[in-house]
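The values are calculated or read from the model by the stated rules, or taken from the named source; none is laboratory data. Just so it is clear, the model here is predicted, and its values are computed rather than measured. Cβ placement follows ideal geometry from the backbone for every residue including glycine, while neighbour counts extend to all protein chains displayed.
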Amino acid sequence: MASVSVDKIEKSCVEVSQILKALAHPQRLILLSNLLEGPKTVGELVNLCQASQSQISHFLTRMKLEGLVKAEREGRFVLYSVADKRLVRLMKVIQTEYCEHE
């Protein structure tokens, strides 16, 4: 097995802890779960998440700053999507392990 430097492990641990901290809110998890299905507008997320437009916008702004989501303008709409394929995989594991019932 290859040796991994302590600096690299520490850097990875810091990155992972920042991601987990950013995910540590139920509404953020709900937003990301909905974005796994594909890009969505704020209006679509308001309907899906049953939250106010200002709440959704606030969360999306924070999540964008934290690198969880990205925004692309399409005409007069802004479409939000998950920013990192690793986060997509992590969210799918969370859904499989904690959200799907047999």
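Among the residues making up segment 59-78, those that are under 11 Å from Arg28 (Cβ atoms) and not β-branched (Val, Ile, Thr) are Phe59, Leu60, Arg62, Met63, Glu66, Leu68. Scanning segment 28-74 for residues that are assigned to a loop (DSSP other than H, G, I, E, B) and either in contact with a Lys or Arg (Cβ under 6 Å, 6 or more places away or on another chain) or exposed (fewer than 13 other Cβ atoms within 10 Å of the Cβ) (or both) returns Glu37, Gly38, Gln50, Ser52. Report whether or not Val42 is at pLDDT 90 or above, more than 18 Å from Ala83 (Cβ to Cβ) and in contact with a helix residue (DSSP H, G or I) (Cβ under 9 Å, 6 or more places away or on another chain). No, not satisfied. Only residues that are part of a helix (DSSP H, G or I) and either without any contact (Cβ under 8 Å) to a residue 40 or more places away in the chain or more than 10 Å from the chain's Cα centre (by Cα) (or both) were counted across segment 17-27, and they come to 6.
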